[in-house]
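Read the structure below first, then the notes.
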Amino acid sequence: MALEKLGKALNSALRKLARSGTVDEALIKDVVRDIQRALIQSDVNVRLVLQITRRIQERALKEKPPSGMSPKEHVVRIVYEELTNLLGREAVPLEIREKPTVLLTVGIQGSGKTTTIAKLARHLQKRGYRVGIVCTDTWRPGAYHQLKQLVEPIGVEVFGDPAEKDAIKLAREGVEYFKGRGVDVVIVDTAGRHKEERGLIEEMRQISAAIRPHEVILVIDGTIGQQAYHQALAFKEATPIGSIIVTKLDGSAKGGGALSAVAATGAPIKFIGVGERIEDLEPFDPKRFVSRLLGLGDIEGLLEKFEELQKKKQLKEEDVEKFLRGKFSLKDMYAQLEAMQNMGPLKQILQMIPGLGYSLPDEALKVGEEKLRKYRVIMDSMTEEELENPDIINYSRVRRIARGSGTSVKEVRELLSQYQQMRKMFKSLDKRKLAKMAKNFNFGGLGL
Ligand SMILES: Nc1nc2c(ncn2[C@@H]2O[C@H](COP(=O)(O)OP(=O)(O)OP(=O)(O)O)[C@@H](O)[C@H]2O)c(=O)[nH]1
Ligand SMILES: [Mg+2]
């Protein structure tokens, strides 16, 4: 989850609102102060923080809730809207129009360009595009091999030549090469040896002149916080065809600062990086991002993930139904957990479910690969009947299963309790209700 700490703090501010009896000036001021503190801790520029919290306070005190909306819901909505504005308001998707569309990626050393390119290639590939990557990093030894290693498992070709020292020549040849191969998108990786904006922009100009990219993507390291402002601004002024990807938003305390700073320059943030794996890239949509951040759930995102899974045929439609209705056996649970494992941490998925957000105990979600393997072993010692209907597993069965699988009673019980927790959790969800909530933007998750 990106900006987990900020999300937790904002969520707890809103919960304060949910818990209280009436909405009055003192409460609003209190909630606004909490939001202020949360944003400042996430390194959002103080001036921006004051601006936005002043607006929240003013609107919450002055505006009347529209009919059908409670005063509490109204305040949540104002917070949601103002935070969305802070992060750029509308999503600006990456468009692939011409064939091939050439994307040039630039960024300061270590910002995450190469990793991000692999993720972007994966993202585009999943959408049906054929992608080729050009490595023009003649600076860092092993750059070409790093790229190859990253995208070999997904079958994307990399053009490069570790012996060549001329980056511009490589860029030109690489683009030509892929043009001849009929790919849809060519992504060009560059060396990131600059520590400051000026050198970066100069190099971008030179390579741009040689290959005339459709879009230049600046990759910014999210851990630099609001310092990202200067980089983004210099970049935006230098190219009208620029967009930005902010990386390392997983676990970064300063991510809120980076995102808001970039948004303040008006340059579009198209993706965010939320981890080191090839799947850890998300299209950036301020509205969705904020609703998830606040713990209001991101139902569209959730359904999209399920769709993706279905496409991969890891889950059949009836499985998804089962999953959402909570009517699943131990066997189903195993299949679901395994499928989830392939999509990323379970937590990431569950965070998208409204109302579950931050209230889930971590233990319910920590199902590492190690544990999955153990579950498999334990389940191998269960009878068909027990797998289909785990409720019949009494203590003597638990003992038998533990003995048979070479595990302990404690471990078998742990598996069963994980199952019970998941069943309970998903029982409370219902697909139709989720879809309706998505439409109405209901704040049920906060108990308002
Ligand atoms: N946690 C986390 N790590 C990331 C993310 N993106 C990149 N990294 C890590 O950041 C480090 C640098 O990434 P690279 O992709 O090599 O960065 P680069 O900009 O290509 O670096 P140079 O080519 O040397 O300029 C690697 O260890 C990546 O795994 C992200 O979204 N989250
Ligand atoms: Mg690199």
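The values are calculated or read from the model by the stated rules, or taken from the named source; none is laboratory data. Every value quoted in this text rests on a predicted model; they were computed, and no experiment measured them. When we count neighbours, we look across all protein chains shown, and the Cβ atoms used for this are built from the backbone with ideal geometry, even at glycine. These area figures cover heavy atoms from the full protein model, side chains too; ligands, DNA and RNA do not enter into them. Shrake-Rupley method; radii C 1.70, N 1.55, O 1.52, S 1.80 Å.
Segment 1-28 and segment 32-69 have Cα centres separated by 11 Å.
Once the 1.4 Å probe is applied to the protein heavy atoms, segment 153-211 comes out at 50 Å² accessible per residue. Rolling a 1.4 angstrom probe over the protein heavy atoms with all chains in place gives segment 212-265 an accessible area of 35 Å² per residue.
Computed FRET efficiency, Cβ-Cβ of Glu176 and Arg198, R0 41 Å: what is it to the nearest 0.05? The value I calculate is 0.90.
Rolling a 1.4 angstrom probe over segment 4-86 with all protein chains present gives an accessible area of which 50% lies on carbon and sulfur atoms. R0 = 60 Å: FRET efficiency of Ser70 with Glu152, Cβ-based, nearest 0.05? Computed FRET efficiency for Ser70 and Glu152: 0.65. The order of the peptides 158-165, 36-43, 130-137 by mean Cβ neighbours within 10 Å, most packed first, is 130-137, 36-43, 158-165. Surface analysis of segment 4-86 yields an accessible area of 51 Å² per residue, using protein heavy atoms and a 1.4 Å probe. The C-alpha atoms of segment 193-259 occupy a region whose extents along the principal axes are 38, 21, 20 Å, arranged from largest to smallest.
You can think of it this way: the chain between Ser396 and Glu279 has 37.8 nm of extra reach, that is 0.36 nm per residue less the Cα-Cα gap. Relative protection proxy for 277-286, 249-258, from highest mean packing down: 249-258, 277-286 (other beta-carbon atoms within 10 angstrom). Compared with the alpha-carbon gap, the fully stretched path from Arg403 to Ala253 is longer by 49.4 nm at 0.36 nm per residue. Taking the average, over residues, of other Cβ atoms within 10 Å as the packing measure, peptides 261-274, 171-184 rank 261-274, 171-184 from highest down.
When nucleic acids and ligands are ignored and a 1.4 Å probe is applied, Lys8 ends up with an accessible area of around 100 Å². Using the Cβ-Cβ distance between Asp24 and Leu50 with R0 set to 30 Å, the FRET efficiency from 1/(1 + (r/R0)^6) comes to roughly 0.85.
In a solvent-free Debye calculation with one equal scatterer on each Cα, what is log10 I(q)/I(0) for segment 21-76 at q = 0.13, 0.21, 0.27 Å⁻¹, listed in the order of the q values? Scattering profile of segment 21-76, log10 relative to I(0): -0.34, -0.78, -1.06.
Each residue was assigned an accessible area with a 1.4 Å probe, and for Ser70 the value is about 40 Å². A DSSP coil position with no more than 15 other Cβ atoms inside 10 Å describes the following GluC sites (Glu not before Pro) in segment 53-98: Glu63, Glu90, Glu95, Glu98.
The label-point distance for Lys8 and Arg212, in a model that sets each label 7 Å from Cα toward Cβ, rounds to 5.2 nm.
Taking each residue as 0.36 nm, the span from Arg37 to Glu384 lengthens on full extension beyond its C-alpha to C-alpha distance by 119.5 nm. Net charge in the neighbourhood of Asp184 (other residues with Cβ under 15 Å of its Cβ; Lys, Arg +1, Asp, Glu -1) is +4. Quick one: work out the % antiparallel among DSSP beta bridges in segment 101-289, nearest 5. DSSP beta bridges in segment 101-289 are roughly 10 percent antiparallel.
Each listed q (0.08 Å⁻¹) maps to a log10 I(q)/I(0) for segment 101-289 from the Debye sum over equal C-alpha point scatterers, namely -0.22.
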